[in-house]
Every structure is written in C-alpha cells, then in structure tokens.
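Enquirer: Here you go, one structure.
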Amino acid sequence: MAVTLKDVAERAGVSRSAVSRTFTEGASVSARTRAKVEAAAQELGYAPNALASSLTTGRTKLIGLIANNFHNPLILEVFDLFTRGLQARGLRPLLVNLSGVTDHAASLRMLRQYSVDGVIVASSTLPSSFARACKTANLPVVHAFGRHSPTPDVHVVGIDNVACGRMAAEALMQRGYRRVAFLGGPESATSTQDRAAGFQQALAGRDMQVTLSYATDYTFDAGRAEMQRLLADTPAEAYFCGDDLLAVGALSAIQEAGLSVPRDIGLIGLNDMEMSRWQNIALTTIRQPVAEIIEAAIDLVVATIETPERPPETRLFPCRVIARCTLRGF
C-alpha cells in the first residue's frame with residue numbers, strides 16, 4: 001500500500017493540514033513541525049504527490065520543451081543540459097517533437113491541456129511564429145537558439161548568426177583562401193539565412209570568388225549529398241558549412257572522392273558538437289556556447305513565470321573559432 005499523507009500525520013503526531021503545509025512551497029509552518037513531518041516522511045518513504053500539489057498551488061512545474069531536427073546529435077546534448085537544468089530547479093520537461101510539423105495548433109493545445117507553467121522553444125530552425133503563438137496563449141515562453149531582433153516579441157537567447165558568418169569568412173581569408181563557398185542548411189531556416197548573410201557581408205568588395213549552396217536539412221546525409229553534387233562541377237577551395245553535421249557529411253563525400261581535407265578542400269563548421277572533436281574528424285569550427293545559452297533560457301523562463309509582465313529581451317552569447325585540422329595553416 002502506498003504511504004499516504006494521513007500515515008505521515010499519524011507518525012509525526014500532527015494534523016494532515018500541517019503535513020500538507022510542510023510540502024507546499026511558501027506555506028506557513030513552524031520549524032519544529034516541519035522537522036517532525038520531514039522525519040516521519042523519511043521513515044515511511046513518503047513523497048508528496050506532485051499532481052495533487054498542483055491543484056493547491058496552481059503550478060504544475062511542467063515546462064514545455066519544444067524541439068525538432070532529432071537527426072542532429074547536438075540535440076542529445078541540448079536535451080541533457082535542459083533536463084538536468086530544469087530538474088535542478090524542481091521543474092520537469094514535457095517534450096514536444098515538431099519535426100516535420102507545419103500546423104502548430106495541436107502542439108499548442110497539448111501544452112495548454114497539460115497546464116505547463118512555461119515553454120522553451122529549443123531550435124534555430126523553427127519559425128518564431130510558434131513562440132509568438134505561445135505568448136498569445138498567455139504562456140511564458142523563451143526561444144532558445146532563436147533569431148534575435150532589436151525589438152523582440154518574445155524572449156530570445158542564442159547567438160548572432162550574422163556575426164558567425166562574418167567570423168567564418170574572416171577565418172578563411174586569414175588562411176589564404178580565395179575561392180570560398182557557403183554550404184548551408186535549409187534555405188528557409190532563419191539561421192541559414194543569417195549565417196549566409198554574414199558570410200557574404202564580410203567578403204563583399206574583396207578579391208574573392210564566393211558561391212552559396214544549400215542542403216535540404218541539417219543532417220549528415222544532406223551535407224554529404226550536397227557536397228557530392230558540388231564535387232561533380234568545380235568545387236571551391238574551402239567551405240563554411242552552416243552546421244557541424246553538414247561539415248562531417250561534406251568531409252565524407254570529399255574523402256570518398258579521393259580528395260584530402262584540408263590539402264584539396266578546407267572546411268569550417270559551426271556548433272562544436274562532440275563529434276567534431278573526434279580525432280578522425282578534428283573539425284575546425286565555430287563554438288556555440290550551448291551550456292550558457294541553455295542556462296540563460298531556463299533562468300529567463302523561470303523569471304517570466306514569476307513575473308509574466310516582464311518585457312521581452314534578447315540575450316546573445318559570443319562565439320569563437322576552434323582551430324583543428326580541416327583548414328590549412330595548422
């Protein structure tokens with residue numbers, strides 16, 4: 001039989017309401033009573049029912065965690081950090097997978113049915129319209145890895161993708177490349193658009209040959225297929241791949257074609273996911289501070305739950321080039 005609140009009250013010699021107050025955040029209870037209740041609960045192995053508690057507090061402690069692109073291994077790191085960070089604050093994630101979803105209404109209905117306290121959209125490819133829809137539904141929301149704006153509609157935590165594009169272009173110019181290219185993810189993704197824009201801005205007016213191409217998705221297979229297509233013509237000397245997984249796919253296609261990286265073609269990625277550090281890949285990339293972004297997103301959604309009228313803000317984190325073995329000059 002499960003241990004009940006009544007059992008704890010009898011063991012501690014207090015009323016059931018005293019036990020309830022002990023396990024209700026912010027409720028008034030004396031230190032002596034709290035100590036007796038907690039000792040009795042530990043002896044009996046009692047844990048308060050979170051669902052029942054939510055009826056009293058009006059808080060479920062559920063945070064909707066929205067994501068897509070589950071083919072990218074980086075999502076595992078993102079989930080690990082988000083779940084641990086939320087649990088450390090006594091919160092629990094409710095995962096919603098929006099891969100391939102075009103109608104967000106059903107997902108929004110589910111979030112409201114579960115009475116989530118807040119929402120974190122964890123994606124650089126989902127449109128900002130979903131985060132805005134959450135806000136319209138009066139759900140505290142933060143868009144992590146989202147596109148920033150000088151006048152944001154919702155809280156955004158992430159990086160300046162335009163600046164990352166410029167950073168990649170400068171890294172290629174510094175290493176003497178003159179025929180360079182951008183190999184991005186889906187052209188419709190705002191992260192792809194911004195990285196390409198920054199790349200072009202930094203190279204404008206320079207004595208450089210610049211081309212752009214786009215993979216169908218942020219996946220290994222899409223990066224590999226796009227590089228195979230490019231190799232069938234006259235490839236560039238170096239590519240800024242808009243994601244590490246695209247770069248690893250491109251690396252596979254280049255090596256299969258009997259070419260060498262970086263001797264024949266140079267590569268630089270973006271993210272610095274774990275695979276990029278493997279010795280057989282050793283990808284030069286731009287490190288996105290994922291852990292810092294996630295911590296800030298959790299802090300911001302918690303703050304917004306407490307203060308719903310908090311005005312939208314943008315928090316951007318700097319990135320930096322991590323030099324390994326896929327560009328010449330190392």
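Here is a yes/no grid of residues against (1) over 16 Å from the mean Cα position of the chain (by Cα); (2) under 30 Å from THR60 (Cβ atoms); (3) not small (Gly, Ala, Ser):
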{"residue": "GLN255", "(1), (2), (3)": "yes, no, yes"}
{"residue": "GLY258", "(1), (2), (3)": "yes, no, no"}
{"residue": "PRO262", "(1), (2), (3)": "yes, no, yes"}
{"residue": "LEU300", "(1), (2), (3)": "no, yes, yes"}
{"residue": "THR326", "(1), (2), (3)": "yes, no, yes"}
{"residue": "GLY329", "(1), (2), (3)": "yes, no, no"}
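Enquirer: Answer yes or no as to whether TYR214 is surrounded by 15 or more Cβ atoms within 10 Å (Cβ to Cβ), aromatic (Phe, Trp, Tyr) and either assigned by TED's automatic domain parsing to the domain that holds PRO73 or modelled with pLDDT of 95 or more (or both). Reasoning before the result, please.
Expert: On the way: surrounded by 15 or more Cβ atoms within 10 Å (Cβ to Cβ): yes; aromatic (Phe, Trp, Tyr): yes; either assigned by TED's automatic domain parsing to the domain that holds PRO73 or modelled with pLDDT of 95 or more (or both): yes.
Taking the combined requirement at face value, the residue satisfies it.
Enquirer: Kindly indicate whether LEU316 is of a type in the set (A, V, I, L, M, F, W, C) and in contact with a helix residue (DSSP H, G or I) (Cβ under 8 Å, 6 or more places away or on another chain).
Expert: No, not satisfied.
Enquirer: Determine which member of the set ARG16, ARG32 is surrounded by fewer than 16 Cβ atoms within 10 Å (Cβ to Cβ), more than 27 Å from ILE294 (Cβ to Cβ), modelled with pLDDT of 90 or more and over 39 Å from the mean Cα position of the chain (by Cα).
Expert: Every option except ARG32 fails the conditions.
Enquirer: While we're on this one: Assigned to a strand (DSSP E or B), farther than 25 Å from GLU309 by Cα and not basic (Lys, Arg) - does that describe any residue in the range 99-121?
Expert: No; the residues of the range 99-121 include none that is assigned to a strand (DSSP E or B), farther than 25 Å from GLU309 by Cα and not basic (Lys, Arg).
Enquirer: Tell me, please, whether a residue that is surrounded by 18 or more Cβ atoms within 10 Å (Cβ to Cβ) and closer than 25 Å to VAL210 by Cβ can be found in the range 296-317.
Expert: no
Enquirer: Taking the range 265-282, which residues are surrounded by 14 or more Cβ atoms within 10 Å (Cβ to Cβ) and not in a helix (DSSP H, G or I)?
Expert: ILE265, GLY266, LEU267, ILE268, GLY269, LEU270, ASN271, ASP272, MET273, ILE281, ALA282
Enquirer: Next question. Can you pull out the residues in the range 10-37 that are in a helix (DSSP H, G or I), in contact (Cβ under 8 Å) with a residue 12 or more places away in the chain and hydrophobic (A, V, I, L, M, F, W, C)?
Expert: ALA12, ALA18, VAL19, VAL37
Enquirer: A further question follows. Residues VAL116, VAL142: which one is touching a helix residue (DSSP H, G or I) at 6+ places or on another chain (Cβ under 6 Å) and over 30 Å from GLU256 (Cα atoms)? Break it down into steps so the answer makes sense when it comes.
Expert: On the way: VAL116 fails: touching a helix residue (DSSP H, G or I) at 6+ places or on another chain (Cβ under 6 Å).
From the options VAL116, VAL142, the qualifying one is VAL142.
Enquirer: Output the residues belonging to the range 127-175 that are at pLDDT below 90 and under 14 Å from GLN193 (Cβ atoms).
Expert: Scanning the range 127-175 gives PRO127, SER128, HIS148, SER149.
Enquirer: Of ILE268, ILE286, ILE281, which residue is of a type in the set (A, V, I, L, M) and in contact with a Cys (Cβ under 6 Å, 6 or more places away or on another chain)?
Expert: Just a single option satisfies the conditions, and that option is ILE286.
Enquirer: Just the residues that are exposed (fewer than 15 other Cβ atoms within 10 Å of the Cβ) and hydroxyl-bearing (Ser, Thr, Tyr), please, taken from the range 101-144.
Expert: Across the range 101-144, the qualifying residues are THR102, TYR114, SER115, SER129, THR136.
Enquirer: Just a yes or no: is a residue in the range 174-189 more than 26 Å from TRP278 (Cα to Cα), among the aliphatic types (A, V, I, L, M) and in contact (Cβ under 8 Å) with a residue 40 or more places away in the chain?
Expert: yes
Enquirer: Within the range 107-117, can one find any residue that is closer than 19 Å to PHE145 by Cα and not basic (Lys, Arg)?
Expert: There is no residue in the range 107-117 that is closer than 19 Å to PHE145 by Cα and not basic (Lys, Arg).
Enquirer: Can you tell me which of LEU95, LEU91, LEU81, LEU111 is modelled with pLDDT of 90 or more, under 18 Å from LEU139 (Cβ atoms) and in the same structural domain as ALA296 (by TED's automatic domain parsing)?
Expert: Every option except LEU91 fails the conditions.
Enquirer: Could you say which residue among PHE82, PHE130 is more than 23 Å from GLU309 (Cα to Cα), of a type in the set (Phe, Trp, Tyr) and outside any strand (DSSP E or B)? Walk me through how you get there before you give the answer.
Expert: On the way: PHE130 fails: more than 23 Å from GLU309 (Cα to Cα).
Of the residues listed, the single one that is more than 23 Å from GLU309 (Cα to Cα), of a type in the set (Phe, Trp, Tyr) and outside any strand (DSSP E or B) is PHE82.
The values are calculated or read from the model by the stated rules, or taken from the named source; none is laboratory data. Keep in mind it's a predicted model, so treat the numbers as computed, not measured. In this analysis, Cβ positions are derived from the backbone assuming ideal geometry, glycine residues included, and neighbour counts consider all displayed protein chains.
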